[in-house]
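Asker: Let me begin by handing over the structure; questions about it come next.
The values are calculated or read from the model by the stated rules, or taken from the named source; none is laboratory data. From a predicted model like this one, the values you see are computed outputs, not experimental measurements. No Cβ is skipped: glycine too gets one built from the backbone with ideal geometry, and neighbour counts run over all protein chains shown. Side chains included, ligands, DNA and RNA excluded: accessible areas come from the protein's heavy atoms. Shrake-Rupley method; radii C 1.70, N 1.55, O 1.52, S 1.80 Å.
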Amino acid sequence: MNSNTTIPRRSWAEPYKIKMVEPLKMTTRAQRERAIAEAGFNTFLLRSEDVYIDLLTDSGTSAMSDLQWAGMMRGDEAYAGSRNFYRLEETIRRYYGFKHTIPTHQGRGAEHILSQLTIRPGDVVPGNMYFTTTRLHQEMAGGAFVDVIIDEAHDPACKHPFKGNVDLAKLKRVIDEVGAERIPYFCLHATVNMGGGQPISMGNIRETSQLCRNHGIKIFLDATRAVENAYFIKTREEGFADRTIADILLETCSHTDGCTMSGKKDCLVNIGGFLAVNDDELADRARNMVVAFEGLHTYGGMAGRDMEAMALGIEESVEYDHVRARVGQVEYLGNLLHRHGVPIMRPTGGHGVFLDARAFLPHVPQSQFPSQSLAAALYVDSGVRAMERGAVSAGRDTQTNENRFPQLELVRLTLPRRVYTQAHMDVTAESIIDLFKKRDRICGLEFTYEPETLRFFRARFQPVTGNKILQDDYGNLHGENAAYIQSGA
Ligand code: F0G
């Protein structure tokens, strides 16, 4: 069609229609109070069938397309040399540009291999904010993570368009202090999950890469949400409006030596990941490790059908209309909350809306885990499941064993890709806006069980006062959907 005759695009709409549906279960407030108490006030420990709208994570929760499901039938389940592996390898080369692909069961499988192969005890790994599993693997290999993200990243209200940027002065200081030979690689996140899904600009990626290369330091990308990062570069950074998502993704990767990938996010699959590198020798060593920990080097932890679905998912993920609708939905929810005065991390990021729990619950001190408390209260109010991203996730310092209290104390409302509708966003916002009005009824939490590592997954808590996280109310919800949310209260 001639471009003059096309209708100018205004707002986004989902670039797909729904072929199959999965019913959602409504619960009563009494049921939810029981469920969250049984789960030790940790949303990770809820049973999914007790959840109404599940915004725990965008990891492995996306809806696959009809083409991907068709691809599942084309799985070649040979133990060795599955054709789906070669297709995946080719697709990764085309879109991410890396020479070698080592498939793994998910992202942390790749992080394990990369950390063990590159980090020696006493090494320092700088990066633009930590991620939980990534840092744990770096620490388990004897390294220490050092955060060199810009200061703006720690301020939820600051509207910097690229809050994921690296502070080059901080990075230089780390290099001067510990010496390049103690830095096995720079850990580059695009987007930055723990910082609210905030992007890093191409200008900053280029400069960071240059600085690392000048010192002979390798740079590995956590490519988990690099497609979403490419979208922000296209829409926010000067000079990129006319470039495709695929082209921006390829350039992003070209400034690095390889990547770890959780395919459960951008790649639109329910399971899978990979390590991709350019270095022949590192690839060879990684293949030796993958056969010990994951599976043969031509399947890692994935079935043939999983690799086929991932190859197709990568192709779909870089389509502009897909990413625009994906990020558009996040923005929609964020704008609704912001307009109603709910404190959120701004600007909204790529994969979710992050509530600023410190501003939301000023009466709950950080030592009583405001994000954990808010996530539990939200579940009680409406059955919406969110995730704590604050002090519980940050864990304890490896040297002092003291709690780490990060500046960002957030509750993540993470949107699975292609799963929920705008009406689901509306009811979610209604619950949160209402909760904000009655926030003084939410109390803090204390540990009753604290696992040694990645404690947020399995920790248990109890309310610091009484036995309820959210004191009773007698129904002051608004909106058409309030009846559902309130049912049985
Ligand atoms: N890197 C980032 C940036 C991630 O967000 C995740 C997972 C991983 C690595 C690890 O990948 O789960 O496939 O082993 N993030 C999930 C989340 C768990 O909910 O944010 P994985």
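Asker: Being more than 24 Å from the chain's Cα centre (by Cα) and either open to solvent by 10 Å² or more (accessible area, probe 1.4 Å) or in contact (Cβ under 8 Å) with a residue 60 or more places away in the chain (or both), is that true of even one residue in the stretch 102-117?
Answerer: yes
Asker: I'd like the full set of residues that are among the polar types (S, T, N, Q), surrounded by fewer than 20 Cβ atoms within 10 Å (Cβ to Cβ) and over 28 Å from the mean Cα position of the chain (by Cα), limited to the stretch 27-82.
Answerer: Passing the criteria: THR28, GLN31.
Asker: When residues of the stretch 174-203 are filtered for being within 29 Å of ARG236 (Cα to Cα) and not in a strand (DSSP E or B), how many remain?
Answerer: 12
Asker: Right, something else. Scan the stretch 72-83 for residues that are part of a helix (DSSP H, G or I) and touching a Lys or Arg at 6+ places or on another chain (Cβ under 7 Å) and report the count.
Answerer: 1
Asker: Among the residues of the stretch 54-68, which ones are within 16 Å of the ligand (Cβ to nearest atom) and out of contact with any Lys or Arg (no Cβ under 7 Å at 6 or more places or on another chain)?
Answerer: THR57, THR61
Asker: Here's another thing I want to ask about it. Which is surrounded by fewer than 18 Cβ atoms within 10 Å (Cβ to Cβ) and at pLDDT below 95, of ALA157, ALA169, ALA180?
Answerer: ALA157
Asker: Right, another one. Run VAL291 past the list (1) touching a residue at least 40 places away in the same chain (Cβ under 8 Å); (2) over 20 Å from the mean Cα position of the chain (by Cα) and report the number of the one that doesn't hold.
Answerer: Just one mismatch for VAL291, condition (1).
Asker: Related question: Going by the conditions given, is GLU152 touching a Cys at 6+ places or on another chain (Cβ under 8 Å) and open to solvent by 50 Å² or more (accessible area, probe 1.4 Å)?
Answerer: yes
Asker: Still on this structure, please answer the following. Go through the stretch 120-154 and count every residue that is among the β-branched types (Val, Ile, Thr) and either in the same structural domain as GLN399 (by TED's automatic domain parsing) or within 16 Å of the ligand (Cβ to nearest atom) (or both).
Answerer: Within the stretch 120-154, residues that are among the β-branched types (Val, Ile, Thr) and either in the same structural domain as GLN399 (by TED's automatic domain parsing) or within 16 Å of the ligand (Cβ to nearest atom) (or both) number 5.
Asker: Let me ask something else. Please verify whether ALA35 is in a helix (DSSP H, G or I) and not assigned by TED's automatic domain parsing to the domain that holds VAL227, treating the condition exactly as stated.
Answerer: yes
Asker: What pairs come up if the first residue lies in the stretch 51-74 and is touching a residue at least 60 places away in the same chain (Cβ under 8 Å) and of a type in the set (Lys, Arg), the second is open to solvent by less than 40 Å² (accessible area, probe 1.4 Å) and more than 16 Å from the ligand (Cβ to nearest atom), and their beta carbons are under 7 Å apart, counting only those six or more places apart or on different chains?
Answerer: ARG74/GLU308
Asker: Which residue pairs have Cβ atoms under 8 Å apart, sit 6 or more places apart or on different chains, and have a first residue in the stretch 408-436 that is modelled with pLDDT under 95 and a second that is basic (Lys, Arg)?
Answerer: Pairs that qualify, where the first residue is modelled with pLDDT under 95 and the partner is basic (Lys, Arg), are LEU408/ARG389.
Per-residue answers, yes or no, for (1) closer than 30 Å to GLY142 by Cβ; (2) open to solvent by less than 20 Å² (accessible area, probe 1.4 Å); (3) within 16 Å of the ligand (Cβ to nearest atom):
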| site | (1), (2), (3) |
| --- | --- |
| ASP397 | yes, no, no |
| LEU408 | yes, yes, yes |
| MET425 | no, yes, no |
| THR448 | no, no, no |
| VAL464 | no, no, no |
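Asker: Filter the stretch 204-247 down to the residues that are part of a strand (DSSP E or B) and either under 18 Å from the mean Cα position of the chain (by Cα) or at positive phi (or both) and list them by number.
Answerer: Of everything in the stretch 204-247, those that are part of a strand (DSSP E or B) and either under 18 Å from the mean Cα position of the chain (by Cα) or at positive phi (or both) turn out to be PHE220, LEU221, ASP222.
Asker: Filter the stretch 263-285 down to the residues that are outside any loop (DSSP other than H, G, I, E, B) and open to solvent by less than 10 Å² (accessible area, probe 1.4 Å), then identify the one that is nearest to the ligand (Cβ to nearest atom).
Answerer: GLY273
Asker: Condition first: outside any strand (DSSP E or B) and of a type in the set (Phe, Trp, Tyr). Now tell me which residues in the stretch 354-385 satisfy that.
Answerer: Passing the criteria: PHE360, PHE369, TYR379.
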